[in-house]
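Reviewing the structure listed below.
The values are calculated or read from the model by the stated rules, or taken from the named source; none is laboratory data. From a predicted model like this one, the values you see are computed outputs, not experimental measurements. Backbone-built Cβ (ideal geometry, glycine too); neighbour counts: all protein chains shown. Heavy atoms of the whole protein, side chains included, go into the accessibility calculation; ligands, DNA and RNA do not. Shrake-Rupley method; radii C 1.70, N 1.55, O 1.52, S 1.80 Å.
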Amino acid sequence: MKIVTYNVNGLRSRISQFGSLHKLLTSFDADIICLQETKLRRQELTADLAMADGYESYFSCTRTVDKGRTGYAGVATFCRVKSAFSSHEVALPIAAEEGFTGLLENSLNGKGEAHEGLEDFAKDDLLKVDNEGRCVVTDHGHFVLFNLYGPRAECDDAQRIQFKLTFYKILQKRWESLLLQERRIIVVGDLNIAPTALDRCDAGPDFEKNEFRRWFRSILVECGGPFNDVFRTKHPDRKEAFTCWPQNTGAEEFNYGSRIDHILCAGSCLHQEHDLQGHSFMNCHVMECDILTQYRRWKPGNSLRWKGGRSIKLEGSDHAPVLTRLLGIPDIAHHSTPTLSARYIPMIRGLQQTLVSVLMKRQVAEQSKSFEMSSSTSDENIRIEMCNERVKRSFENCSTSGVSHVESCPSDLESEGIASDTDIQSKGFANDAVCKTLLMSGSEHSQSAPSNGTKKKARKSQWSQLSLSCSQQDELNSSASTQDQCELNSCSLEKEKTNGALLEWRRIQQVMQNSIPLCKGHSEPCVARVVKKQGPNFGRRFYVCARAEGPASNSEANCGYFKWADSKSRHK
């Protein structure tokens, strides 16, 4: 059995990088794949993000808003199985839980109550550690698997430091409770802790005195704890074995990082002879553990240089996956996928469609669109025909009222450009006005007396209304022409402003380029940065060496040059 842990730094980005979720998962060729920092909210889970053929998935998403952010954490466990129902595969869990306190839905205790051993913690503290979407627990019969994304805390952020302490304190109590029940535990994930100086590129003399590093080492077998650090057990002296590199300094170019992604295991082996010396889950069932460096963004021999990070965008996560291989793990009793499975999430279950249904819906939509277009054309033809019919009737009314065809014939109207079929179709909204005018005219003729004086007045009224329609059409054409000319003038003026702004920006860039200092180590132009951390220098600009961060002993790495852009801070 193979287990992989990987901080993806955004599941959408990794799916885009590999082409699909299925391609991402199959690239590991692993039975259980634990992902951290998915950056997904529950309402954002869709089939393309959560479902892949041959895999069952279990998600934990952020439920709270931290400093205005949403979807900033999140973990997901994917299990490769042949069947999700009535299966005897170990990879398919018999139970799954979001969080580890027992208070969230689908808890392993099935009661929505705090797990045994956590009774002394306040309910608010328990909910707080689970609400950030940092853990999925899956029970695989022979062992319980914790997929973790540990909190990050800056040295000057007292609130997050306290949260991180509480998080690991509660977690340790949960582990102790399971071990008392003689359960085996495997912990994987980004714990955001580098335990020793060997696991950090720039570890100083006081590095290992950090309270979180002391806690991490206290749970290891070497210090009397129950857990094995699987990678260090297999590779006790390997140097520069890092899994994470800062994104904003180009440190990956010189492998200047830290090992914060871990696989831990605790408990007895599966053999019947428990009293045999040296038997443990680590010694009997863990075959290997290694860092999958082929997933690093910066590949060996890469000719591109970082140069401040502005001209190069490396594809991939800022973490590397870690793999372990287990041996001698037998099948378990038949069981089905737990209710936490993504297949039961309403948003996903309701939106899953077969390929045939998608194609059928597309065909129906195209037919509907075609019908609407034909209906629209038919309606337009009917409207035009009705209009022509009304015009025809109006002339007939004129004739029956005693007005001769010669005096009111369509040839006069056509000479005015009003009543021909071509004009009716081309003049758009003006057609209706003309038709109405003609109908009004016809109505007047049909109601008028058969006296000659009345006939003359009717004809004068008809032609005056037709002349009015023509003059209105001329005014509309004149207005449209004036508007077009204004738009041309406006576009020309806007283009001149854009060109002027572009020239000014180039001038400013040239001035800035001339004012950029050269670093002392390489005599190369520096890059400008801005202080984003709250404090007296917030927003202040400075210059640093443009090269990637690396060991001080490497002359090709960042030389450490620093200079403020101005002599004084804006804040006094």
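Summary table below
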item	result
Residues within the stretch 84-115 that are at pLDDT below 95, open to solvent by 10 Å² or more (accessible area, probe 1.4 Å) and not hydrophobic (A, V, I, L, M, F, W, C), tallied	10
Single residue of the stretch 228-254 satisfying the filter (assigned to a helix (DSSP H, G or I) and over 36 Å from the mean Cα position of the chain (by Cα)) that is farthest from residue 298 (Cα to Cα)	233
Pick from the stretch 311-327, criterion open to solvent by 60 Å² or more (accessible area, probe 1.4 Å) and assigned to a loop (DSSP other than H, G, I, E, B), ranking: modelled with the lowest pLDDT	311
Answer from 232, 184 - the residue that is of a type in the set (D, E, K, R) and free of Cβ contacts under 8 Å to residues at least 60 places away in the same chain	232
Residue within the stretch 35-48 that is open to solvent by less than 50 Å² (accessible area, probe 1.4 Å), assigned to a loop (DSSP other than H, G, I, E, B) and small (Gly, Ala, Ser) present	no
Residues of the stretch 11-34 satisfying the condition of being open to solvent by less than 10 Å² (accessible area, probe 1.4 Å) and free of Cβ contacts under 8 Å to residues at least 60 places away in the same chain	21, 24, 25, 33
Only one of 495, 533 that is closer than 30 Å to residue 556 by Cα, open to solvent by 50 Å² or more (accessible area, probe 1.4 Å) and at pLDDT 70 or above	533
Looking only at the stretch 330-357, and only at residues there that are touching a helix residue (DSSP H, G or I) at 6+ places or on another chain (Cβ under 6 Å) and part of a helix (DSSP H, G or I), the one that is modelled with the lowest pLDDT	348
Complete set of residues in the stretch 39-64 that are hydroxyl-bearing (Ser, Thr, Tyr) and at pLDDT below 95	46, 62, 64
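Residue by residue, here is whether (1) touching a Lys or Arg at 6+ places or on another chain (Cβ under 7 Å); (2) open to solvent by 40 Å² or more (accessible area, probe 1.4 Å); (3) under 30 Å from residue 528 (Cα atoms) holds:
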{"position": "218", "(1), (2), (3)": "no, yes, no"}
{"position": "224", "(1), (2), (3)": "no, yes, no"}
{"position": "230", "(1), (2), (3)": "no, no, no"}
{"position": "250", "(1), (2), (3)": "no, no, yes"}
{"position": "259", "(1), (2), (3)": "no, no, yes"}
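Yes/no per residue for (1) modelled with pLDDT under 90; (2) in a loop (DSSP other than H, G, I, E, B); (3) surrounded by 11 or more Cβ atoms within 10 Å (Cβ to Cβ):
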{"site": "262", "(1), (2), (3)": "no, no, yes"}
{"site": "269", "(1), (2), (3)": "no, yes, yes"}
{"site": "272", "(1), (2), (3)": "yes, yes, no"}
{"site": "279", "(1), (2), (3)": "yes, yes, yes"}
{"site": "283", "(1), (2), (3)": "no, no, yes"}
{"site": "287", "(1), (2), (3)": "no, no, yes"}
{"site": "301", "(1), (2), (3)": "yes, yes, no"}
{"site": "305", "(1), (2), (3)": "yes, yes, yes"}
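For every residue, the table says whether it meets (1) farther than 30 Å from residue 330 by Cα; (2) not hydrophobic (A, V, I, L, M, F, W, C).
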site: 224; (1), (2): no, yes
site: 230; (1), (2): no, no
site: 237; (1), (2): yes, yes
site: 240; (1), (2): yes, yes
site: 243; (1), (2): yes, yes
site: 256; (1), (2): yes, yes
site: 267; (1), (2): no, yes
site: 279; (1), (2): no, yes
